[in-house]
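The values are calculated or read from the model by the stated rules, or taken from the named source; none is laboratory data. These figures come from a predicted structure and were not determined experimentally. Glycine gets a Cβ as well: all are built from the backbone with ideal geometry, and neighbour counts include every protein chain shown. Calculation scope for accessible area: heavy atoms of the full protein, side chains included, ligands and nucleic acids excluded. Shrake-Rupley method; radii C 1.70, N 1.55, O 1.52, S 1.80 Å.
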Amino acid sequence: MTPNDEYTLETLLRAGMIDQAIADKTAYLVKEKNSTVTEVLEESGMVTAQEILQVMAEQYGMETVSLREIDVDQEVIDCIPAELARRYMVMPVWKRGNELTVAIADPQDLDTIDSLRYSLPYDVVPVVAAKKEIKSAINLFYAGGGGRIGSALQELTEATISGIATDETRELFGDSEETTEEDAPIIKLVSLIIIEAFRKRASDIHIEPMEKKLRVRYRIDGGLQEVDSPPKRLQSAIIQRLKIMSNMRIAEKRVCQDGRIQINVMGRELDLRVSAVPSNHGESIVMRILDKDSLKLGLPELGFFTDDQQTFRSLISLADGIVLVTGPTGSGKTTTLYSCLNEINTPDRKIITVEDPVEYQLSGINQVHVRADIGLTFSAALRSILRQAPNIIMIGEIRDIETAEIAVNASLTGHLVFSTLHTNDAPSAVTRLIDIGVKPFLVASSVRGIMAQRLVRKICSKCSKPYKPSDRELRLLGGLAGQVEQLELHRGEGCPSCSYTGYSGRIGLFEIFTVTEEVQHLIYGGVESGELRKKARELGMRTLREDGLRKVIAGQTTLDEVFRVTMGDAN
C-alpha cells in the first residue's frame, strides 16, 4: 500500500467516515487486489469516491468543483497545451489576471502542482475534481485541437482537409463508420456543433437554411442565440451528415422526417430528437437535446419549496385519480412528469406511458410510442394498455374526448393517471376538460390535483451579488417585502460561466390546485374557471406570480424574470 493510500485511510478514520475494522479490511483488500483505497471503498458501497475527494480536498485546504457544470472559456483552455493537460491529467477552469485555477484529480499529488507551476507562466491555484470528469473534460474541450466551431470553420475555409477527424471526437460520439478524407471536416464540424451546444447548456440546436447563409442557433435558458455559421456551400453536406446520424432517408427531401441520435458526451447520456422540415432554401433541422441526467432531479431541484413539495408529493403518491400538469409548450411539463415517474418507480408498481414521441427512455417503465399512421393513436393504445394491469399510466397529452374519457375511466377503476394540458393556469384545466366533452361530475370525481408551471432563468451562482431593492421593486413585491427584515435582492453581474448574461439554468414556478370536496361541489355545479380560481385562492392556492416573488426574495431569480413569464397573472 502506497504512502498516499495510508494517509487517505488515516484521514477517513479521523473524519469518522470509517471505523478501524473497515480500515483494516480495506488495507488488506488494497494489497490483495493491487487497487487503491478509493476504488475498494467505492466498490464496497460504504463511501463514494466524491465523499473521499471532498474529505481529502478539505485536508489540503482545496476547493472541489464539478466540471460538468462549468463551461470553460477558450482563452482559459489555451493557457495549458493539450499535451500537458493529458500528461498531468489536469484541466484549466478559470483565469483571473495572472491567476490560473487548475483542476487536479489527487490533492496529494504535490509533484504535479509543482510541475505545473514550473511549466506555466501563471500563478497556479489547484482545485480538486473527479478523475473521470477531468478525463472527459480534456476529451471534450481539447477535441480536435481547437474544439470550437470557429476553429473548425477556419480549417474548412483554409481547405486543410486531412487529419481533422480526431480520435477524441470519435471517442465522444462513438463514430466507428468508415470515412474518407473528404468526409472528415464535415464529421468534425457537425460533432463540434453538438459539443458546443452541450457546453453552453442548450436545449435545442436549430440549423436553418437562409437564402445566402446557413444559420446555426442554440436555445439557451429559453432564448435563441446565434453562433458561428458554416458557409452556405456546406449546407447539403451538414444536413446529409445529420440525416445519416439520425437514420433518416437521405434521398427524401420533400417531406418531414423525424429521427434520433444517441450519444455519450462527457460521461452523460444524451438523446437528440431530430426533426427535418423542407423549407424554401433547403431542409431545416432542429435537434432537441434530451439530457437523461435531468430526470434524476428531485422535486427540490425542479424549484419546489418545502410546502409545495409536500403538497405535490402527496398528490403523486395517491392510489388513483388524475394528476394534471399544465402550461404552454416549453414550460417543463415533460421533465416534471418524468421526474415524478422516476420518484415513484418501484419494483412493486407497473408503470406504462403513452407518448408522442417517447422523449426519454426510462428503465423499469413500459413506454408506448404513438404512431397515428398505423392506427396506434392515444386512445387505441390506452384501450390496450388497460388490459396490461398497470398501477400508473402517463399520457403525453389529453387532446380529444376519446383520450379524456379513457383517462377518466382508468382513474375511476383504480389507476393513477398523469397527463398534461395546454392551459394558462391550474383551475382552467377543469374548464378545458369540460369543453373537450367530459361530463362535469366525471371531472369532479376523477381529478385529484392540477399544477400549472412556468420556467424562469436562475441567477448565476458564480456572479450573484446582493443589492438593496428600489422603491419600484418594493412596490412590486407588495406584502412580501414587509415579511423580511433588511430585505436584499440578488442579481447576476455577468461572468464567463454564464456568458455574461447573469443567468445560468432555469427553475420552475408552480401553482398547485388541489381538488377538495368544496371544489368538487363547484365543478358539479358547472361554475366558470374564474369562480374556481377564486375558491382555490380562498383555500390557500398560491399563484404563479406569488411563487415567483418568493423565489425572488430567496435570491433564486429576478423580478424581471418573474413578471416576464407571469404577464397573464392578473392577481
Practice task
For region 216-271 and region 454-527, write down the distance between their C-alpha centroids in whole Å.
Solution key: 35
Practice task
Would you compute, from DSSP H runs of 4+ residues alone, the mean residue ellipticity of the chain at 222 nm, taking -39500 (n - 2.57) per run and dividing by the full residue count, rounded to the nearest 500?
Solution key: -11500 deg cm²/dmol
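Hey, what's the Cα Rg ratio for region 354-429 versus the globular rule of thumb, 2.2 N^0.38 Å? If you can, show how the numbers build up before the last one.
Values: Rg = 12.4 Å, N = 76, 2.2 N^0.38 = 11.4 Å.
Cα-based Rg divided by the globular estimate yields 1.09.
Under 12 Å from the Cβ of GLY492, count the other residues' Cβ atoms, weight Lys and Arg +1, Asp and Glu -1, and hand me the total. It would help to have the intermediate numbers written out before the result.
Numbers: positive: ARG457, LYS458, LYS462, LYS465, ARG491; negative: ASP221, GLU493, ASP560, GLU561.
Net charge around GLY492: +1.
Set the Förster distance to 60 Å, then compute FRET efficiency between GLU518 and GLU51 from the Cβ-Cβ distance, nearest 0.05.
Using R0 = 60 Å, I get an efficiency of 0.75.
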Problem - By average C-beta atoms within 10 angstrom, highest first, the peptides 448-460, 39-51 - result: 448-460, 39-51
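Mind jotting down a quarter of the surface of the convex hull over the alpha carbons of region 72-120, in square nanometres, one decimal? Before the final figure, lay out each step's value.
On the way: hull surface 13.0 nm².
One quarter of the hull surface, i.e. the mean projection, equals 3.3 nm².
Within a Cβ distance under 10 Å of ASN4, other residues only, what is the Lys/Arg minus Asp/Glu net charge? Provide the component values of the computation, followed by the final result.
Details: positive: none; negative: ASP5, GLU6, ASP106, ASP109.
Neighbourhood net charge equals -4.
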Problem - the chain: Cys lacking any partner C-beta under 4.7 angstrom - result: CYS79, CYS256, CYS340
Problem - Radius of gyration and maximum dimension Dmax of region 389-491, Cα, Å - result: 20.9, 59
Practice task
Report the residues of region 385-415 in range of a label on ARG349: point 7 Å along Cα→C-beta, backbone N strictly under 16 Å from it.
Solution key: 389-395, 411, 414-415
Practice task
Could you pull the Rg and Dmax for region 240-363, using just the Cα atoms, both in Å?
Solution key: 17.9, 55
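When the Kirkwood hydrodynamic radius is evaluated over all pairs of different C-alpha atoms of the chain, what value in angstrom, to one decimal, is obtained? Display every interim value, and only then the final one.
On the way: mean 1/r = 0.0371 Å⁻¹.
With all distinct Cα pairs of the chain included, I get 26.9 Å.
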Handout entry: Accessible area of CYS79 in the full protein assembly, 1.4 Å probe (Å², nearest 10)
Key = 10
Practice task
Determine by what factor the alpha-carbon radius of gyration of region 1-106 differs from 2.2 N^0.38 Å, reporting the quotient.
Solution key: 1.28
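Count the DSSP beta bridges whose two residues both fall in the chain, then state the antiparallel fraction as a percent rounded to the nearest 5.
Numbers: 54 of 84 bridges.
Antiparallel bridges make up about 65 percent of those DSSP assigns within the chain.
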Handout entry: Per-pair calculated FRET efficiency, R0 = 35 Å: GLU538 and MET567 via Cβ, rounded to 0.05
Key = 0.90
Practice task
State which entries of LYS31/LYS131; LYS243/LYS350; LYS131/LYS243; LYS132/LYS551 exceed 25 angstrom in Cα-Cα distance in the structure shown.
Solution key: LYS243/LYS350; LYS131/LYS243; LYS132/LYS551
Fill in the blank from the handout: Across 10 Å bins beginning at 0, the whole-percent shares of Cα-Cα pair distances in region 286-426 come to 11, 43, 37, 8, 0
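Rank by packing, highest mean first: peptides 419-431, 221-233, 532-544, with packing defined as the count of other Cβ atoms within 10 Å averaged across residues.
Values: 419-431: 23.1, 221-233: 14.8, 532-544: 18.2.
By packing density, highest mean first, the sequence is 419-431, 532-544, 221-233.
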Handout entry: Cα-based Rg / Dmax (Å) for region 51-139
Key = 11.9, 33
